[in-house]
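Following: one structure in C-alpha coordinates, then a few remarks.
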Amino acid sequence: MFITFEGIEGCGKTTQSKLLCEALIDKGFPVVYTREPGGTPAAEELRSFLLKTRDEKFPPFAELSIYEAARAFHVENLIRPSLREGAVVICDRFIDSTVAYQGYGRGIDISLIERLNSEATGGLKPILTVLIDLPVEEAFKRISERRKDRMESEGLKFHRRVREGFLELSKKEPERFLVLDGRKSVEELHRQILSEVLGRLGAL
Ligand code: TMP
(Lines give C-alpha, C1' and ligand atoms only; values in the text may rest on other atoms or scores of the structure.)
Protein backbone atom coordinates (compact mmCIF):
# COMPACT_ATOMS: atom_id res chain seq x y z
CA MET A 1 0.00 0.00 0.00
CA PHE A 2 1.44 3.33 -1.09
CA ILE A 3 0.24 6.42 0.80
CA THR A 4 1.34 10.01 0.18
CA PHE A 5 0.86 13.25 2.11
CA GLU A 6 0.51 16.58 0.34
CA GLY A 7 -0.12 20.24 1.14
CA ILE A 8 1.56 23.62 1.34
CA GLU A 9 4.42 24.28 3.78
CA GLY A 10 3.27 24.52 7.36
CA CYS A 11 0.04 22.53 6.81
CA GLY A 12 1.06 19.78 9.23
CA LYS A 13 1.63 16.95 6.74
CA THR A 14 5.03 15.95 8.15
CA THR A 15 3.64 15.70 11.70
CA GLN A 16 0.67 13.68 10.45
CA SER A 17 2.67 11.36 8.20
CA LYS A 18 5.03 10.54 11.09
CA LEU A 19 2.11 9.92 13.47
CA LEU A 20 0.54 7.56 10.96
CA CYS A 21 3.84 5.75 10.54
CA GLU A 22 4.20 5.25 14.33
CA ALA A 23 0.58 4.08 14.68
CA LEU A 24 0.95 1.49 11.89
CA ILE A 25 4.24 0.21 13.33
CA ASP A 26 2.51 -0.14 16.73
CA LYS A 27 -0.14 -2.27 15.04
CA GLY A 28 2.52 -4.53 13.54
CA PHE A 29 2.51 -3.39 9.90
CA PRO A 30 5.86 -3.26 8.07
CA VAL A 31 6.25 0.44 7.22
CA VAL A 32 8.76 2.39 5.16
CA TYR A 33 8.67 6.13 5.82
CA THR A 34 10.19 8.40 3.22
CA ARG A 35 9.98 11.83 1.61
CA GLU A 36 10.35 13.79 -1.62
CA PRO A 37 12.53 15.21 -2.80
CA GLY A 38 14.83 12.68 -1.16
CA GLY A 39 14.60 9.18 0.24
CA THR A 40 17.83 7.73 -1.22
CA PRO A 41 21.41 9.07 -1.04
CA ALA A 42 21.34 10.44 -4.61
CA ALA A 43 17.86 11.92 -4.22
CA GLU A 44 18.82 13.55 -0.90
CA GLU A 45 21.78 15.21 -2.65
CA LEU A 46 19.41 16.54 -5.28
CA ARG A 47 17.10 17.76 -2.48
CA SER A 48 19.78 19.85 -0.92
CA PHE A 49 20.76 21.24 -4.34
CA LEU A 50 17.09 22.12 -5.05
CA LEU A 51 16.42 23.80 -1.73
CA LYS A 52 19.74 25.57 -1.15
CA THR A 53 20.89 26.90 -4.53
CA ARG A 54 20.39 30.66 -4.47
CA ASP A 55 23.51 32.13 -6.05
CA GLU A 56 22.13 32.16 -9.60
CA LYS A 57 18.68 32.15 -11.23
CA PHE A 58 17.00 28.74 -11.05
CA PRO A 59 15.12 28.23 -14.34
CA PRO A 60 11.72 26.55 -13.79
CA PHE A 61 12.57 23.81 -16.31
CA ALA A 62 15.82 23.01 -14.43
CA GLU A 63 13.81 22.86 -11.21
CA LEU A 64 11.22 20.53 -12.75
CA SER A 65 13.87 18.25 -14.23
CA ILE A 66 15.74 17.87 -10.95
CA TYR A 67 12.58 17.10 -8.94
CA GLU A 68 11.77 14.43 -11.54
CA ALA A 69 15.31 13.05 -11.51
CA ALA A 70 15.21 12.75 -7.72
CA ARG A 71 11.85 10.97 -8.04
CA ALA A 72 13.24 8.47 -10.57
CA PHE A 73 16.06 7.53 -8.15
CA HIS A 74 13.59 7.26 -5.29
CA VAL A 75 11.01 5.09 -7.07
CA GLU A 76 13.63 2.76 -8.55
CA ASN A 77 15.76 2.28 -5.44
CA LEU A 78 13.37 2.57 -2.51
CA ILE A 79 9.64 2.80 -3.24
CA ARG A 80 9.21 -0.07 -5.73
CA PRO A 81 11.50 -2.50 -3.86
CA SER A 82 9.71 -1.73 -0.56
CA LEU A 83 6.26 -2.25 -2.08
CA ARG A 84 7.46 -5.49 -3.65
CA GLU A 85 8.48 -6.69 -0.18
CA GLY A 86 4.98 -5.95 1.09
CA ALA A 87 5.68 -2.79 3.10
CA VAL A 88 3.23 0.04 3.59
CA VAL A 89 5.14 2.98 2.06
CA ILE A 90 4.33 6.41 3.48
CA CYS A 91 5.80 9.30 1.52
CA ASP A 92 5.84 12.97 2.50
CA ARG A 93 5.09 14.58 -0.92
CA PHE A 94 5.08 12.92 -4.35
CA ILE A 95 3.82 13.58 -7.92
CA ASP A 96 1.05 15.99 -6.88
CA SER A 97 3.61 18.41 -5.43
CA THR A 98 5.19 18.74 -8.87
CA VAL A 99 1.85 19.58 -10.50
CA ALA A 100 1.03 22.04 -7.70
CA TYR A 101 4.44 23.77 -7.36
CA GLN A 102 5.97 23.58 -10.85
CA GLY A 103 2.62 23.57 -12.70
CA TYR A 104 0.30 25.90 -10.77
CA GLY A 105 3.12 27.72 -8.94
CA ARG A 106 5.70 28.22 -11.71
CA GLY A 107 3.32 28.03 -14.67
CA ILE A 108 4.87 25.05 -16.50
CA ASP A 109 2.50 23.19 -18.82
CA ILE A 110 0.60 20.60 -16.73
CA SER A 111 0.51 17.97 -19.49
CA LEU A 112 4.33 18.09 -19.70
CA ILE A 113 4.53 17.56 -15.94
CA GLU A 114 2.08 14.66 -16.08
CA ARG A 115 4.21 13.06 -18.80
CA LEU A 116 7.42 13.48 -16.76
CA ASN A 117 5.71 12.23 -13.60
CA SER A 118 4.66 9.14 -15.43
CA GLU A 119 8.19 8.57 -16.83
CA ALA A 120 9.85 9.11 -13.45
CA THR A 121 7.51 6.73 -11.65
CA GLY A 122 6.94 4.17 -14.39
CA GLY A 123 3.24 4.87 -13.85
CA LEU A 124 3.25 4.22 -10.09
CA LYS A 125 0.55 6.14 -8.24
CA PRO A 126 -0.41 6.23 -4.58
CA ILE A 127 -3.56 4.40 -3.59
CA LEU A 128 -4.31 7.12 -1.04
CA THR A 129 -3.20 10.75 -0.91
CA VAL A 130 -3.89 12.73 2.23
CA LEU A 131 -4.16 16.42 1.37
CA ILE A 132 -4.03 18.68 4.40
CA ASP A 133 -5.53 21.95 3.28
CA LEU A 134 -4.78 25.22 5.04
CA PRO A 135 -5.21 28.91 4.10
CA VAL A 136 -1.83 30.31 3.05
CA GLU A 137 -1.91 33.13 5.63
CA GLU A 138 -2.33 30.58 8.42
CA ALA A 139 0.50 28.43 7.04
CA PHE A 140 2.80 31.44 6.76
CA LYS A 141 2.15 32.29 10.43
CA ARG A 142 3.15 28.75 11.38
CA ILE A 143 6.45 28.81 9.47
CA SER A 144 7.37 32.42 10.25
CA GLU A 145 9.93 31.34 12.87
CA ARG A 146 11.73 28.91 10.53
CA ARG A 147 14.84 29.70 8.49
CA LYS A 148 13.25 29.47 5.04
CA ASP A 149 14.62 27.40 2.16
CA ARG A 150 14.47 28.51 -1.50
CA MET A 151 10.90 27.32 -2.07
CA GLU A 152 9.54 28.56 1.26
CA SER A 153 10.93 32.01 0.44
CA GLU A 154 8.44 32.41 -2.44
CA GLY A 155 5.66 34.91 -1.75
CA LEU A 156 2.02 34.62 -0.75
CA LYS A 157 0.73 34.65 -4.35
CA PHE A 158 2.92 31.72 -5.37
CA HIS A 159 1.74 29.63 -2.42
CA ARG A 160 -1.91 30.58 -3.09
CA ARG A 161 -1.55 29.14 -6.61
CA VAL A 162 0.05 26.01 -5.15
CA ARG A 163 -2.82 25.54 -2.69
CA GLU A 164 -5.32 26.02 -5.52
CA GLY A 165 -3.41 23.41 -7.54
CA PHE A 166 -3.69 20.81 -4.81
CA LEU A 167 -7.43 21.45 -4.43
CA GLU A 168 -7.96 21.15 -8.19
CA LEU A 169 -6.06 17.85 -8.24
CA SER A 170 -8.18 16.49 -5.40
CA LYS A 171 -11.34 17.30 -7.35
CA LYS A 172 -10.06 15.39 -10.39
CA GLU A 173 -9.38 12.19 -8.40
CA PRO A 174 -11.74 12.23 -5.41
CA GLU A 175 -11.34 8.46 -4.80
CA ARG A 176 -7.57 8.83 -4.31
CA PHE A 177 -7.63 12.01 -2.19
CA LEU A 178 -8.62 12.41 1.43
CA VAL A 179 -8.86 16.18 1.91
CA LEU A 180 -8.70 17.40 5.50
CA ASP A 181 -8.97 20.78 7.13
CA GLY A 182 -5.52 21.62 8.51
CA ARG A 183 -7.06 23.93 11.14
CA LYS A 184 -8.30 20.89 13.06
CA SER A 185 -6.25 19.66 16.01
CA VAL A 186 -3.31 17.30 15.52
CA GLU A 187 -5.23 14.56 17.41
CA GLU A 188 -8.42 14.95 15.36
CA LEU A 189 -6.53 14.87 12.06
CA HIS A 190 -4.58 11.80 13.15
CA ARG A 191 -7.78 10.01 14.18
CA GLN A 192 -9.37 10.67 10.77
CA ILE A 193 -6.29 9.61 8.81
CA LEU A 194 -5.73 6.45 10.82
CA SER A 195 -9.34 5.37 10.50
CA GLU A 196 -9.26 5.88 6.70
CA VAL A 197 -6.00 3.96 6.34
CA LEU A 198 -7.07 1.07 8.57
CA GLY A 199 -10.32 0.85 6.63
CA ARG A 200 -8.41 0.60 3.37
CA LEU A 201 -5.86 -1.88 4.74
CA GLY A 202 -8.72 -4.07 5.94
CA ALA A 203 -10.33 -3.89 2.53
CA LEU A 204 -7.20 -4.96 0.64
P1 TMP B 1 9.29 19.75 2.20
O2 TMP B 1 10.24 20.70 2.81
O3 TMP B 1 7.87 20.02 2.49
O4 TMP B 1 9.70 18.34 2.37
O5 TMP B 1 9.36 19.95 0.60
C6 TMP B 1 10.43 20.45 -0.06
C7 TMP B 1 10.04 21.57 -0.98
O8 TMP B 1 10.05 21.11 -2.34
C9 TMP B 1 8.67 22.17 -0.76
O10 TMP B 1 8.81 23.58 -0.86
C11 TMP B 1 7.85 21.70 -1.92
C12 TMP B 1 8.86 21.52 -3.00
N13 TMP B 1 8.55 20.52 -4.03
C14 TMP B 1 8.34 20.93 -5.33
O15 TMP B 1 8.37 22.14 -5.62
N16 TMP B 1 8.09 20.00 -6.28
C17 TMP B 1 8.06 18.66 -6.01
O18 TMP B 1 7.86 17.85 -6.91
C19 TMP B 1 8.29 18.23 -4.64
C20 TMP B 1 8.28 16.78 -4.31
C21 TMP B 1 8.52 19.19 -3.70
Translational diffusion coefficient (Stokes-Einstein; Kirkwood radius from C-alpha pairs) of the range 126-204 at 4 °C, 1.567 mPa s, in µm²/s = 91
Over 30 Å (Cα to Cα) - which of K18/K125; K18/K52; K27/K172; K52/K184; K52/K171 fall in this group = K27/K172; K52/K184; K52/K171
Would you mind telling me which residue in R146, R47, R161 has the biggest mean-square fluctuation in a Gaussian network model of the chain, where springs connect alpha carbons within a distance under 10 angstrom?
-> R146
Treating the Cα atoms of the chain as identical point scatterers in vacuum, please give the log10 of the normalised Debye intensity I(q)/I(0) at q = 0.08, 0.15, 0.19 Å⁻¹, two decimals.
-> -0.25, -0.95, -1.57
Of all accessible heavy-atom area on the chain, the percent that carbon and sulfur account for (1.4 Å) | 53
With each label point set 7 Å from Cα along the Cα-Cβ vector, what nm distance links S185 and S153?
-> 3.8
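In deg cm²/dmol and to the nearest 500, what is the mean residue ellipticity at 222 nm of the chain if only DSSP H runs of at least 4 residues count, each as -39500 (n - 2.57), divided by the residue total?
Estimated from H runs of four or more residues: -16000 deg cm²/dmol.
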With just the Cα atoms of the range 19-104, tell me how far they stretch along each of the three principal axes, in Å, largest first.
-> 47, 22, 20
Per residue, how many Å² of accessible area does the chain show with a 1.4 Å probe?
-> 49
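The values are calculated or read from the model by the stated rules, or taken from the named source; none is laboratory data. Here the structure is a predicted model, which is why all the values come from computation and not from measurement. In this analysis, Cβ positions are derived from the backbone assuming ideal geometry, glycine residues included, and neighbour counts consider all displayed protein chains. For the accessible areas, the whole protein counts, side chains as well, though only heavy atoms, and no ligand, DNA or RNA atoms are used. Shrake-Rupley method; radii C 1.70, N 1.55, O 1.52, S 1.80 Å.
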